[in-house]
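Participant: Sharing a structure below in structure tokens format, with a few things to ask.
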Amino acid sequence: MQENVSDSLVGSLVDNRYRVNSRLARGGMSTVYLATDQRLDREVALKVLHPHLVNDGNFLDRLAREARAAAKLSHPHVVGVLDQGHDGRTAYLVMEYIKGHTLRDVINAKGALSPRLALALIDPVVEGLGAAHAAGLIHRDVKPENVLIAEDGRIKIGDFGLARAVTATTSTGTLIGTVAYLSPELVLGKPADARSDIYSTGIMLFEMLTGRQPFDGEVPIQVAYQHVNSTVGPPSGFAPGLAEEVDELVQWCTANDPEKRPVDGNALLSELRHIRTNLTDTELDLQPPAALHAAEAAGAEPEMGARGRTGAAGPVPPQPPMPQRPAAVNHTELLSPVQRPTEIISHTSNPTAVFPHARQLPPAFGLEPPETDDAAPAALGSREAGDRELSKREQRKQDRVGERARSRAAATPLRTLREGNSRRRGALWIVILVIAALLATGAGWFFGMGPGSPGTVPSVANRTVAEAQQLLRTAGFQSSTQDVFDDDVRAGLVVGSEPDAGTEIRKFQQVSLFVSKGPQLFPLPVLSGKSLETAKSALNGSEMALGKITEKFDEEAAAGTVLGQSPAAGTQVRHGTPVSLTVSKGPQPIPVPDVRGEEKESAVQAIEAAGLKAVVAKDTVHDRNVPKGAVVNQEPASGNLTRGQAITLTISDGPKLVKVPNYIGKQASDAREALEKRGFEVRVNNILGGFFGTVRDQDPVDTEVPEGSVVTLTVV
């Protein structure tokens, strides 16, 4: 799928390597092209940044660093970054490419999705985020447009690195482009971490389940205001019948306070897969009301029928049924020119690797759901389903008790074959009736007021164990305790219960109390003396966050070596605690002082005062311009050195002494030539016009004078 538009870059060669074939899509920060890597002879997605970003040198430096970090992350559900560069006024990223579409196209085409399909699509996204978070990367721009679906069903999340780089150069309103998925802390300009990605993922899951975004407004600032000041409601408000566990999952991810969200993608992935495993087929295959109405109107199956809807993205016309393939889904026929992906990627994994619970995939992904026994109870269903099943079993038990009483009464003959005592027969009937009444009364008491009667679990959160146990006894329940770590509830107080508060169960069922042991603390690793990259890896391995990095000069530690950390090594802290590092910039450079022409003593003092070492050469040199005892040369003469490094000084021995021969009585021209060859400057004083050209007098004569001295000849 390609976008056939006029573009000056199409047909050109970027960086003497990437031949631009066609334009795929254009966004707020970049334009994506289909290109050919001529060096490796393969198709790639070439993301070219807009000119206003190229003009910012700080942004390009940050983009290069983030691209290198993203390139180190290799995961089946994360778009691979292959290259990054700058060719004149063209700054670009190179990514993997295959044909496909985005999650936005699926939502636009299908509207609200069934829980089974929504959870299957979000699973690889969360897994990819979890891998990125474990590597210390934060996306900051999780939205359906950045979730890429290949034609064979593989799912990846793209644009790692670009969003983080843009954060440094743009305001929040223009950073993401789609304010609908911004976390409250990003709206407020606060630092973001993995939990910001979790919030955006929760908003995206809400939209997949309901076909709409939780907040809307006429201008983006209204939506941003709601992210900060409102709470995301349960998606069941727009999709009645949705399982309570799915509501809780969405609201857990979209909590306004980051401390109340999953700590990262891996924590969310564990809970997501637990819910997918425990929901019943009925709950997983729940059809959204909009999908049911559209299917009935079209006379088609609810899941695959054509439909029309109006959502947050505007009205979408009815679409043809989604085609089925044996191994994956192909939605490319649903793309319009403006909906094509910004970068589509390639990997060798298969659909079952993308969806670990492939047995639960809907028919749209080419895998039939497992056959279920309608008569069997949903043992792995939600708590409400379990309670309903328990109530049915107790009712069947009462029916069996009454049936046995009626059977015994029916088995008692009205008359015997022999005549008996009529009074005895009357007493027997009375006993039978009394026993039946007692049985019925006992059953009624057991299920009405006794241990089998229903009761509602009271709220015990944030209470002491004694208070919680007393509340449960008053309500008729027995309890047990289990110690757990909790970051929010003080040690010794009850975190919650199982079943949850407000759940109606039989009183003979035991209630488990989860008692807080306080936050789980972990010792910080020793980072001093390690390289910065090694320290970052150690923090990631300990599930700690990288805090502020301060650089300073150090005369002993090499550049890039960690000098200190805060908090200190061994300190017990929670997972995710930021650790600030002080990193060496190496020895401080010292400019070389220029002492040429200065006396030796003053030159040595100046060099040592700068923190350097002065070394005087043993040999002196004659110099006609530098007086004896002064510095005639130094090595090095300029640049920077580090403390303790040496400068070698060469001292002048003054001008060289040369004997002046006697040229009196000789021709002036011969005398001049001979003196100049010896390095003297010759001056001629003619008397009577110097008619004869003979030297009459000479000054100096027959003595040693400095080389280059002036010799005066008097000529007659």
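The values are calculated or read from the model by the stated rules, or taken from the named source; none is laboratory data. The structure displayed is predicted, hence computed values, not measured ones. So basically every Cβ, Gly included, is an ideal-geometry build from the backbone, and we count neighbours across all protein chains shown.
Participant: From Asp619, Asp670, Asp697, grab the single residue that is assigned to a strand (DSSP E or B) and surrounded by fewer than 14 Cβ atoms within 10 Å (Cβ to Cβ). Let's see the steps before the verdict.
Facilitator: Details: Asp619 fails: assigned to a strand (DSSP E or B); Asp670 fails: assigned to a strand (DSSP E or B).
On inspection, the qualifying residue turns out to be Asp697.
Participant: Determine, yes or no, whether Arg42 is under 23 Å from Ile155 (Cβ atoms) and not assigned by TED's automatic domain parsing to the domain that holds Leu129. Steps first, answer last, please.
Facilitator: On the way: under 23 Å from Ile155 (Cβ atoms): yes; not assigned by TED's automatic domain parsing to the domain that holds Leu129: yes.
Considered against the rule, which asks whether it is under 23 Å from Ile155 (Cβ atoms) and not assigned by TED's automatic domain parsing to the domain that holds Leu129, Arg42 comes out as yes.
Participant: For the stretch 198-234, give me each residue that is in contact with a Lys or Arg (Cβ under 7 Å, 6 or more places away or on another chain) and either surrounded by fewer than 24 Cβ atoms within 10 Å (Cβ to Cβ) or in a helix (DSSP H, G or I) (or both).
Facilitator: Ile198, Tyr199, Ser200, Met204
Participant: Next question. Name the one entry in Asn685, Asn633 that is polar (S, T, N, Q), over 30 Å from Glu556 (Cβ atoms) and at pLDDT 90 or above.
Facilitator: Values: Asn685 fails: at pLDDT 90 or above.
That would be Asn633, the only listed residue that is polar (S, T, N, Q), over 30 Å from Glu556 (Cβ atoms) and at pLDDT 90 or above.
Participant: Looking only at the stretch 520-542, filter to residues that are farther than 27 Å from Thr642 by Cβ and free of Cβ contacts under 8 Å to residues at least 40 places away in the same chain; which one of those is surrounded by the fewest Cβ atoms within 10 Å (Cβ to Cβ)?
Facilitator: Step by step, filter the stretch 520-542, then rank; the result is Gly541.
Participant: Sticking with this structure for a sec: Scan the stretch 668-685 for residues that are closer than 13 Å to Asp699 by Cβ and basic (Lys, Arg) and report the count.
Facilitator: So the answer is 1.
Participant: Moving to a separate point now. Which of (1) touching a helix residue (DSSP H, G or I) at 6+ places or on another chain (Cβ under 9 Å); (2) assigned to a loop (DSSP other than H, G, I, E, B); (3) buried (at least 22 other Cβ atoms within 10 Å of the Cβ) does Tyr97 not meet, given it meets every other one?
Facilitator: Condition not satisfied by Tyr97: (1).
Participant: Which of the numbered conditions does Arg624 fail, given that it passes all the others? Conditions: (1) among the charged types (D, E, K, R); (2) part of a loop (DSSP other than H, G, I, E, B); (3) under 53 Å from the mean Cα position of the chain (by Cα).
Facilitator: Against the list (1) among the charged types (D, E, K, R); (2) part of a loop (DSSP other than H, G, I, E, B); (3) under 53 Å from the mean Cα position of the chain (by Cα), Arg624 comes up short only on (3).
Participant: Which members of the stretch 235-246 meet the condition of being over 14 Å from Ala112 (Cβ atoms) and either surrounded by fewer than 18 Cβ atoms within 10 Å (Cβ to Cβ) or outside the structural domain of Ser114 (by TED's automatic domain parsing) (or both)?
Facilitator: Once the filter is applied, which keeps residues that are over 14 Å from Ala112 (Cβ atoms) and either surrounded by fewer than 18 Cβ atoms within 10 Å (Cβ to Cβ) or outside the structural domain of Ser114 (by TED's automatic domain parsing) (or both), the stretch 235-246 yields only Glu244.
Participant: Hey, can you tell me all the residues within the stretch 133-162 that are hydrophobic (A, V, I, L, M, F, W, C), surrounded by fewer than 22 Cβ atoms within 10 Å (Cβ to Cβ) and outside any loop (DSSP other than H, G, I, E, B)?
Facilitator: Ala134
Participant: Hey, among the residues in the stretch 492-510 that are touching a residue at least 60 places away in the same chain (Cβ under 8 Å) and assigned to a strand (DSSP E or B), which one's surrounded by the fewest Cβ atoms within 10 Å (Cβ to Cβ)?
Facilitator: Glu504
For (1) touching a helix residue (DSSP H, G or I) at 6+ places or on another chain (Cβ under 6 Å); (2) modelled with pLDDT under 90; (3) under 17 Å from Lys600 (Cβ atoms); (4) in the same structural domain as Ile607 (by TED's automatic domain parsing), each residue gets a yes or a no:
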site: Val621; (1), (2), (3), (4): no, yes, yes, yes
site: Pro627; (1), (2), (3), (4): no, yes, yes, yes
site: Ile647; (1), (2), (3), (4): yes, no, yes, yes
site: Asp670; (1), (2), (3), (4): no, yes, no, no
site: Gly689; (1), (2), (3), (4): no, yes, no, no
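Participant: Step by step: first the residues of the stretch 532-577, then only those that are of a type in the set (Lys, Arg) and closer than 22 Å to Asn266 by Cα, then the one that is modelled with the lowest pLDDT. Which residue is that?
Facilitator: Out of the qualifying residues, it is Arg574.
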